[in-house]
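To start, the structure itself, in structure tokens.
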């Protein structure tokens, strides 16, 4: 059960992470913040959002880590997090940034990432 909870928490944390890293660009497009907004203000806003990311990421890693009774090794946690991160980013960029589109090389990279997840979960 804690494997699924870990995955859910990783998904939520990556939504916040992606918005913390790239959301200011969309907010600028939407004229919520201007291009003249001081960078320090944008950084502080992003830090506030990133704090929410950490509120989900840290419990996900703690609950999911095999050393704490979870379902995943450290490497499995990291590779799973990276795969989730790229899926969330792809959705974010395609849905919120209409000018961005997925190209064949993005799909190829995603296939490689799925292969990485497969290999990290393979039995030794």
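The values are calculated or read from the model by the stated rules, or taken from the named source; none is laboratory data. Bear in mind the structure is a predicted one, so any value in this text is a computation, not a measurement. As a convention, Cβ positions derive from the backbone with ideal geometry for all residues, glycine included, and neighbour counts pool all protein chains shown.
In a helix (DSSP H, G or I), in contact with a helix residue (DSSP H, G or I) (Cβ under 7 Å, 6 or more places away or on another chain) and closer than 26 Å to residue 26 by Cα: which single residue out of 52, 77, 91, 95 fits that description?
Numbers: 77 fails: closer than 26 Å to residue 26 by Cα; 91 fails: in contact with a helix residue (DSSP H, G or I) (Cβ under 7 Å, 6 or more places away or on another chain); 95 fails: in contact with a helix residue (DSSP H, G or I) (Cβ under 7 Å, 6 or more places away or on another chain).
Residue meeting the stated conditions: 52.
Yes or no: residue 70 out of contact with any strand residue (DSSP E or B) (no Cβ under 8 Å at 6 or more places or on another chain), closer than 25 Å to residue 4 by Cα and not in a helix (DSSP H, G or I)?
Yes: the conditions hold for residue 70.
Got at least one residue in region 16-36 being crowded, with 18+ Cβ neighbours inside 10 Å, touching a strand residue (DSSP E or B) at 6+ places or on another chain (Cβ under 8 Å) and modelled with pLDDT of 95 or more?
No; the residues of region 16-36 include none that is crowded, with 18+ Cβ neighbours inside 10 Å, touching a strand residue (DSSP E or B) at 6+ places or on another chain (Cβ under 8 Å) and modelled with pLDDT of 95 or more.
Could you run through region 68-101 and say how many residues are surrounded by 13 or more Cβ atoms within 10 Å (Cβ to Cβ), more than 19 Å from residue 14 (Cα to Cα) and without any contact (Cβ under 8 Å) to a residue 60 or more places away in the chain?
Number satisfying all stated conditions: 2.
Within region 27-44, work out how many residues are part of a helix (DSSP H, G or I) and either in contact with a helix residue (DSSP H, G or I) (Cβ under 6 Å, 6 or more places away or on another chain) or farther than 20 Å from residue 93 by Cβ (or both).
So the answer is 6.
Exactly one condition in (1) closer than 20 Å to residue 18 by Cα; (2) in a helix (DSSP H, G or I); (3) touching a helix residue (DSSP H, G or I) at 6+ places or on another chain (Cβ under 9 Å) is not met by residue 107; state its number.
(3)
If you take the residues in region 54-67 that are crowded, with 18+ Cβ neighbours inside 10 Å and within 13 Å of the chain's Cα centre (by Cα), which one is nearest to residue 120 (Cα to Cα)?
In this case the residue turns out to be 60.
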